[in-house]
Every structure is written in C-alpha cells, then in structure tokens.
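Data block below; observations after.
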Amino acid sequence: KHSSPAQAEFYQAAEEVLECLRPLIERFPHYHDHSIIERIVEPERQILFRISWVDDAGRIHVNKGYRVQFNSSLGPYKGGLRFHPSVTSGTIKFLGFEQIFKNALTGLPIGGGKGGSDFDPKGKSDNEIMRFCQAFMTELHRHIGPTCDVPAGDIGVGSREIGYLFGQYKRLTGRYEGVLTGKGLNWGGSFGRKEATGYGAVYFAQNMLAARGDGLKGKTCLVSGAGNVAIYAIEKLYELDALPVTCSDSRGTVYDPKGIDLDLLKQLKEVRRTSLEDYLHDHPDAQYISVRDYPQDGHAVWRIAADVAFPCATQNELTEADARSLLSQGVYCISEGANMPSTKQAVDLFLEEKIAYGPGKAANAGGVATSQLEMAQNSGMEQWPIEKVDEKLQQIMANIHQQCATTAEEFGDPTNLVLGANIAGFKKVADAMIEQGVM
Ligand code: NDP
C-alpha cells in the first residue's frame with residue numbers, strides 16, 4: 001500500500017522486513033491468523049508537536065517535534081532523538097520501525113520508538129541549542145518516563161543535547177530518574193555508552209569475519225560519517241590493528257591512506273564542531289573530496305579500495321553504483337553503523353555476492369543495548385566499571401550475530417544475515433504480542 005511519497009523510507013524499511021517473513025509465516029501460519037503483520041506496521045502512538053524557541057537575536061522560530069511510540073511488547077519504548085533539517089514524520093516512522101526489531105535482537109527488555117525534530121543544529125550557538133532542547137522537552141516530558149519511554153541520542157543529539165533535555169525534564173517533573181540515556185558520566189550516564197554503537201559495529205564485523213575464519217587485523221577499512229558512531233568505530237578499528245582510511249561529513253570525504261588521525265577528528269567534530277575540510281590544515285598530504293566532486297550516482301567514500309566498510313553516517317548513503325564499486329575494489333565485509341545506509345539495490349547486490357553483510361538493525365544494536373545497561377544501572381542506583389559494560393557489549397554483539405546466523409541457516413539461506421535478523425527480531429516481538437492479547 002504505497003500511498004504516501006512522504007513515507008518512502010518507511011516503506012523501504014517495512015518492505016525489507018516483510019519480504020523476509022514469507023518463509024516464517026509459511027511455516028507458522030498462526031502469525032497470519034493473529035494479524036501480526038497488520039498490527040506491527042502501525043505505531044501504537046505517534047505524537048506530533050510544535051516547538052517554539054527564541055534565537056540569540058530575539059527572533060521566534062517554530063519547528064516540528066515528533067515521538068513515535070511504535071511497539072511496547074518487549075518493554076518501554078526505546079530509541080533516539082534526531083535533530084536534522086531533513087527529518088519528517090516518515091523518517092521518524094522508518095527509524096522507529098527498525099528500532100522494534102533491533103531492540104528485540106539485543107535480547108533485552110526494550111520496545112521500539114524514535115523521535116526528533118526538523119531543527120538544524122548547524123551554526124546555532126550553545127544557548128540556542130539549550131533553548132531549543134528546553135522547548136522540545138517542554139512538550140515531550142508528558143509522554144516519557146523511565147518505565148514507559150526512554151529516548152536517547154541520534155544524529156544531531158549527543159551528550160550536550162541530552163544534558164539540556166534532562167535538565168528540563170527534571171525542572172518540569174521534579175524527578176531525577178533514568179528517563180534519557182547517553183547522560184554525562186557524573187550524573188547517571190554509563191561508561192561505554194558514547195562508544196557503544198561504533199565499537200559494537202566493529203565487534204559485529206569481527207564476528208562476521210571470524211565465522212569465515214578471518215579477522216580485522218591488518219585490514220584497510222572505509223568509514224563514512226564523522227559523528228558519534230564513525231569516531232568510535234575508527235577508535236576500535238585502531239585498537240584491533242586495522243587501518244581506517246576514510247571518514248566523511250555532509251560536506252565531503254577525507255581519504256588519508258596512512259590512517260585517519262583520530263585525535264584530530266575528535267577535535268574537529270567533538271570540540272570545534274567544524275567541517276572535515278579543516279583536516280587538511282594538519283595533513284596536507286591527505287585528500288579531501290567535496291560533495292560537489294562526488295560521482296553523480298553515489299559517494300566518494302565508497303570508491304576507494306579497501307577490505308571492510310562501515311557506513312556510519314545516514315540512510316541511503318550507499319547506492320547501487322557505490323555497492324558495485326565496493327565489490328570491484330575488493331571490499332568483502334560490510335557492517336552498518338548507521339540505520340539503513342544501503343539502498344535496497346545495494347543490499348540485493350551484497351546478498352547476491354554472499355559477502356559478509358551485517359544490516360544496521362543487527363550491526364548497530366550495541367548502542368541501544370548499552371542504553372538499556374544504562375537504564376539498569378539507573379534503576380539499581382549503580383555505576384558499573386567500563387570493563388563490565390564492554391564485556392556485556394561484546395557478548396551481546398556475539399549473541400546477535402549468532403542469532404542472525406542460526407536463523408538464516410534454519411530458513412535455508414545461511415549467509416543471509418538480513419533474513420536472519422528480520423525473522424529472529426520479528427519472532428520475538430510477534431510471540432510477545434500474541435501472548436499479551438489483541439490490542
Ligand atoms: P552524529 O550526528 O554524531 O553524526 C552524523 C554524521 O553523519 C556527521 O558526520 C554528519 O555530517 C553526517 N551526516 C548526517 N546526515 C548526513 C547526510 N544527510 N548526508 C551526509 N552526511 C550526513 O550522528 P550519529 O553518529 O549518532 O549517527 C549516525 C548514524 O548512526 C545514523 O544513521 C544513526 O541513526 C545511526 N545510529 C546511531 C546510534 C547512536 O548511538 N548514536 C545508534 C544506532 C544507530 P556533519 O558532521 O556535516 O553534520
């Protein structure tokens with residue numbers, strides 16, 4: 001039922017899941033009898049609200065705010081907030097839908113949700129960011145809570161924004177509780193949360209490669225993005241003796257064959273919040289490719305020779321032409337740090353070629369899993385050491401890989417982790433929905 005072009009991303013995500021479910025439903029027709037498909041594609045609740053805020057010059061601005069509470073069969077709604085001018089209700093709906101299955105795969109008690117705004121944080125002062133976050137939370141606070149809905153970060157929402165959002169929640173409700181994850185380490189945050197999605201995507205690649213008798217050591221890696229996920233994927237790659245040679249942002253790509261300078265990248269993106277173009281001031285021998293010079297049918301970052309690729313920026317950032325280029329340049333393992341970064345045609349190519357391909361809902365689940373560990377620490381009024389969190393993260397990523405691989409094998413296509421992830425995630429949610437009765 002493709003009736004609204006505004007929901008193209010949601011249809012893309014839903015189609016991928018539904019296409020994978022045919023063999024499951026043929027084998028277990030009771031999912032059909034319980035109308036699980038019809039129920040699971042409809043969010044339990046969608047909240048759309050106005051956010052009015054005042055800039056430094058005293059002008060009033062109005063943005064749209066969203067929270068989609070998609071499915072609560074496995075636990076409280078859990079999923080990030082995205083602040084980016086491209087955000088529409090369709091974007092949030094696609095992200096919320098993916099989140100249901102991702103959260104199920106973690107094996108932890110969390111339901112699926114997502115939220116955000118079309119607010120553009122670029123070029124805003126710190127005070128403007130604070131006022132926007134306060135205005136956003138002024139409405140959101142009445143819809144969330146530590147046992148009902150626990151948002152986190154996503155594109156444009158990092159620890160600074162979580163801090164301002166949390167401060168406003170506390171001010172409005174008078175409660176100091178674990179209502180957001182990704183909090184600061186000295187006020188309720190978990191060690192390892194900031195690193196978790198990037199590290200997790202690398203652990204997932206390690207698992208995929210290990211299943212083929214291979215490893216990451218010495219591998220040349222392509223990473224896209226230059227935000228939270230990309231930075232910590234690069235950090236973990238260095239720890240495992242791999243060589244990440246690229247990163248990218250919305251304005252261009254850096255290719256540094258001797259390896260991305262991680263300290264400089266953190267300085268540019270976490271401290272100075274500036275463009276990657278500035279990377280060349282310190283490394284004039286590296287290459288910077290502006291988006292103006294990208295190939296017409298894709299992105300510069302995927303046109304470079306390597307072994308392993310980590311798309312860590314945004315949805316549909318890897319086209320069919322990019323996929324062909326990756327395969328012809330020798331890439332044989334792809335672990336998605338971002339949500340739905342590869343187009344359908346790109347995914348079809350990876351599956352056809354039977355390379356090691358880890359779809360986002362499996363490969364980037366380390367972030368939300370560690371968010372749930374933060375919730376557990378908050379409810380127990382504890383803070384676990386980094387070693388404990390990292391050990392759990394590694395175990396969770398290994399379990400997710402194992403579940404996807406075993407399920408793929410059970411349904412006759414052993415290397416197809418898309419099939420494995422969708423069936424394994426769906427089954428958990430669907431079984432809980434049936435046991436909880438029609439609603
Ligand atoms: P950040 O905002 O920290 O970084 C996003 C990066 O991607 C930035 O470098 C940004 O460029 C670039 N980018 C964003 N939008 C576009 C675009 N339309 N075109 C080109 N580049 C773009 O976000 P995260 O690192 O947190 O998120 C990255 C991806 O990972 C998203 O798909 C997100 O949903 C997913 N994810 C994140 C998790 C988390 O824990 N943070 C958990 C699971 C998935 P610029 O610097 O110019 O803005």
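The numbers here are math on the coordinates, done by the rules we state, and not lab data. The model shown is predicted, which means the values in this text are computed figures rather than measured ones. So basically every Cβ, Gly included, is an ideal-geometry build from the backbone, and we count neighbours across all protein chains shown.
Any chance you could run the full-extension gain for Glu26 through Arg175? It's 0.36 nm times the residue separation minus the Cα-Cα distance, nm to one decimal. The partial results should precede the final answer.
Numbers: separation 149, 0.36 × 149 = 53.64 nm, distance 4.86 nm.
Result: 48.8 nm gained on full extension.
Between Leu262 and Ala305, how high is the FRET efficiency from 1/(1 + (r/R0)^6) when r is the Cβ-Cβ distance and R₀ = 22 Å? Nearest 0.05. Let's see the in-between values first.
Working: r = 21 Å, r/R0 = 0.97.
For Leu262 and Ala305, the calculated efficiency is 0.55.
At R0 = 41 Å, how high is the FRET efficiency between Gln394 and Asp297 if r is their beta carbon distance? Nearest 0.05 is fine.
0.65
Sorted from fewest to most neighbouring beta carbons within 10 Å, what does the list Asp149, Asp431, Asp241 look like?
With the fewest neighbours first, Asp149, Asp431, Asp241 line up as Asp241, Asp431, Asp149.
Please name which of Gln372, Tyr31, Met208 has its Cα lying farthest along the dipole of the chain towards the positive end, using unit charges on Cβ (Lys, Arg +1; Asp, Glu -1) and the Cα centre as origin.
Gln372
In percent, what relative contact order does region 5-177 have, based on Cα pairs under 8 Å that are 6 or more apart in sequence?
Value for region 5-177: 24 percent.
Within the set Lys114/Lys361; Lys219/Lys361; Lys93/Lys266; Lys122/Lys266, which residue pairs have Cα atoms separated by over 20 Å?
Distance filter (> 20 Å) returns Lys219/Lys361; Lys93/Lys266.
Arranged by the count of other C-beta atoms within 10 angstrom, fewest first, what order do Trp53, Trp384, Trp187, Trp302 take?
Placing the least packed residue first, the sequence is Trp187, Trp384, Trp53, Trp302.
Pop out the Kirkwood hydrodynamic radius of region 5-177 from its pairwise C-alpha distances, inverse of mean 1/r, in Å to one decimal.
Mean inverse Cα-Cα distance, inverted, gives 17.0 Å.
For each pair in Lys64/Lys170; Lys102/Lys344; Lys102/Lys194; Lys269/Lys428, compute the distance between the two Cα atoms and list the pairs where it is over 28 Å.
With Cα atoms farther than 28 Å apart: Lys269/Lys428.
Using Cα pairs closer than 8 Å and at least 6 residues apart in sequence, work out the relative contact order for region 96-143, in percent. Show your work: numbers first, answer last.
Numbers: 21 pairs, mean separation 12.4, N = 48.
Result for region 96-143 is 26 percent.
Among Thr246, Thr181, what is the fewest-to-most ranking by other Cβ atoms within 10 Å?
Thr181, Thr246
What Kirkwood hydrodynamic radius do you get for the chain when you take the inverse of the mean 1/r over all pairs of distinct Cα atoms, in Å?
Final number for the Kirkwood radius of the chain is 21.8 Å.
Taking only the alpha-carbon positions of region 306-439 and ignoring solvent, what does the Debye formula give for the base-10 log of I(q)/I(0) at q = 0.17, 0.19, 0.22 Å⁻¹?
-0.98, -1.11, -1.27
Could you calculate the contour length gain from Ala211 to Thr274, that is, 0.36 nm times the residue separation minus the distance between their Cα atoms, to one decimal place in nm?
18.7 nm
Name the residues whose placed amide hydrogens come within less than 5 Å of the amide hydrogen of Ala338, ignoring near sequence neighbours (fewer than 5 apart) on the same chain.
Close amide H contacts, sequence-distant or interchain: Cys312, Ala313.
When the distances between all Cα atoms of region 154-306 are binned every 10 Å from zero, what whole-number percent does each bin get?
P(r) for region 154-306, in whole percents per bin: 10, 34, 30, 18, 7, 1.
Compute the length gained on full extension between Glu387 and Asp285: take 0.36 nm times their separation in residues and subtract their Cα-Cα distance, giving the result in nm to one decimal.
33.0 nm
Would you mind computing Rg(Cα) / (2.2 N^0.38 Å) for region 78-134, counting N as its residues?
So the Cα radius of gyration is 1.34 times the expected 2.2 N^0.38 Å.
Normalising by the residue count of the chain, find the relative contact order in percent from Cα pairs under 8 Å and 6+ residues apart.
It comes to 16 percent, rounded to a whole number.
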